[in-house]
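Data first, discussion second: the structure below is written as structure tokens.
Each reported figure results from applying straightforward, stated rules to the coordinates on display, with no laboratory input. Owing to the predicted nature of the structure, the values given are computational and were not obtained by experimental measurement. Note that each Cβ is placed from the backbone with ideal geometry, even for glycine, and that neighbours are counted across all protein chains shown.
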Amino acid sequence: MKKRRLRLLSRSRFFVVSLLLLQIGVIIALLLGSSLYFSYASIAFQFISIIVCIHIYNKTGKPAYKLTWIFLILLFPVFGGSFYLLFYIQSNPRKYRKLIKKYRALCSPFFSLGKDSLPGLENERCYALSRYLQKHVHYPVYSNTQTEYFSSGQLYHKKLLTELKKAKRYIFLESFIIKDGIMFNSIFDILKEKAAAGLDVRVFYDDLGCFATLPPDFNKTLEKTGIRCLVFNPFKPVLSSLQNNRDHRKIISIDGITAFTGGVNIGDEYINAYEKYGYWNDAAIMLHGEGAWSLTMIFLRLWNMEQNLRGYGAHDNFNVFNPWRSGECTVQSDGFVQPYAESPITKEYVCENVYVHILNAAQKYVYINTPYLIPCESLFSALILAAKSGTDVRIITPHIPDKPFVHLVTRSFYRLLIKAGVRIYEYSEGFNHSKTFVADDIMASVGTANLDFRSLCLHYECGVFIYKNSQVLKVKEDFLETVNVSKEITLKDCAANAAHRFVQDLLRIFAPLM
């Protein structure tokens, strides 16, 4: 038992957390000590806080983040400003911005497959959105693509295993969470087999997302089997805003011809092999054809950026992975497909912009699945405007929460949305983890981004926008089936006493941190 405890103490992640907590404690002790015993220092720190508040107010960014920081500084006027400076001084967003700019310029030409499908949408309602995604953030529209929507993790998992076995050249896997169990082992067995056969197999996972689910040296375990592995943004014992920027994407690409994305991480609860919060309701989508190549490039761009940060040398020759470099894609078209991705360092808020565009373009209805409902200002306004304009806006959130405080904040938005005409449901059977939008039977989005600040402003995310595609109605059918096992929330359900409302209102101030 003593040896086991010593091994636990020696785990690097234990020391990471310990050093981080120690750093916070030392900073607060020093700043509080200065304020208590040195009046001049106290005045100086308060002056710093005033300057920092002016800086925060005038910098670009989401107003909610500004409000949260200013509130914290007002709450702790002596050391609040200094804490903000320490938090951001140890970050280096300029380096990341340069890297992102470099790899965006480097990779953007490879997304295109030699033809432009955007003109085919010129007279369509989605044209403004598709033009924004293609012209401004460089995610092209594709037409020669077949799609398949999965309304559960089980269906997704079954299809994924079938497609993985077909791989001939490479498999790229990117996931926010990986957990040992039935799902992982079934995938890992195929990955090992393919790597042994000489295929280029890569696994890319987020360090904080897997902080409690994988051992610290898991990447080395994979590499011993011939699988190349990178850990995104390793968690360090340093107070830094960059620690908030996590890779929340889920992408699996097979030869660049077939690719998957959606809400499903790699863990047994996602395929209901393990019951965590009741039945786990989730969604994913498969692209076969040109659209799969876009998800492949989204993977390769972030993979190579992370390699560059580690000093691993030259980037990949992206054209080598293009399955149609010597000929055109012959996959039959099933409407229009446009994968997209989010990079928080650029402050472009691509996922939020996609959601707002869909709300603005809808004329009859917009149906939304999300595990968390803590919308940014522009998305909140778009939801209310759509409902007040006569659009049937419905949202399904979970009834059983995975994060009680976050769920409490989610419910704090119900009153204003319901008063505006938005219909809100809570999924009764378990946890709703789907992230889908569907509107007017002609357009939909399936992806990884929740309707909260962390997904829309802090995380690396991705999704697929589909238009006049056969799977749009599948997304709608899935939503309506989920409504049948959900409870509609009324204003009466939102009634609360003054103390409860105060707690909700207070937590909403800190919503950007949740």
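Points worth noting:
- The stretch 292-382: C-alpha gyration tensor shape, a/c 1.5 cut-off, then a/b vs b/c: oblate
- Per residue, the convex hull around the alpha carbon atoms of the chain comes to 167 Å³.
- Under the Karplus curve 6.51 cos²θ - 1.76 cosθ + 1.60, θ = phi - 60°, whole-Hz ³J(HN,Hα) for the stretch 173-183, x wherever Gly or Pro sits: 10, 10, 8, 6, 10, 10, 10, 5, x, 4, 5
- Structure note, pairs LYS276/LYS474; LYS102/LYS179; LYS66/LYS492; LYS115/LYS388; LYS250/LYS468: Cα-Cα distances above 30 angstrom occur for LYS102/LYS179; LYS66/LYS492; LYS115/LYS388.
- Whichever aspartates and glutamates have a C-alpha closer than 18 Å to that of LYS419, once near sequence neighbours (fewer than 8 apart) are set aside: GLU377, ASP392, GLU488, ASP493, ASP505
- Cross-link pairs exceeding 19 Å between alpha carbons, from the set LYS59/LYS347; LYS62/LYS135; LYS62/LYS347; LYS166/LYS194; LYS135/LYS347: LYS62/LYS135.
- Per-residue packing, averaged as other Cβ atoms within 10 Å, sorts the ranges 413-419, 450-456 into the order 450-456, 413-419, beginning with the highest.
- Prolate/oblate/rounded label for the stretch 310-359 (Cα gyration tensor, a/c 1.5): oblate
- Beta bridge orientation in the chain: antiparallel %, DSSP, nearest 5: 60
- Packing rank of 200-210, 132-142, where each peptide gets the mean count of other beta carbons within 10 Å, highest leading: 200-210, 132-142
- Förster radius 56 Å - calculated FRET efficiency between ASP217 and LEU491 (Cβ-Cβ, nearest 0.05): 0.60
- Dividing the summed -39500 (n - 2.57) terms of all DSSP H runs of n ≥ 4 by the residue count of the chain sets its mean residue ellipticity at 222 nm at -13500 deg cm²/dmol.
- Rounded to the nearest 5, the antiparallel percentage of DSSP beta bridges internal to the stretch 396-469 is 75%.
- Mean Cβ neighbour count within 10 Å, used as a protection proxy, ranking 215-228, 354-367 highest first: 354-367, 215-228
- Antiparallel bridge percentage (DSSP; both residues within the stretch 206-314; nearest 5): 90
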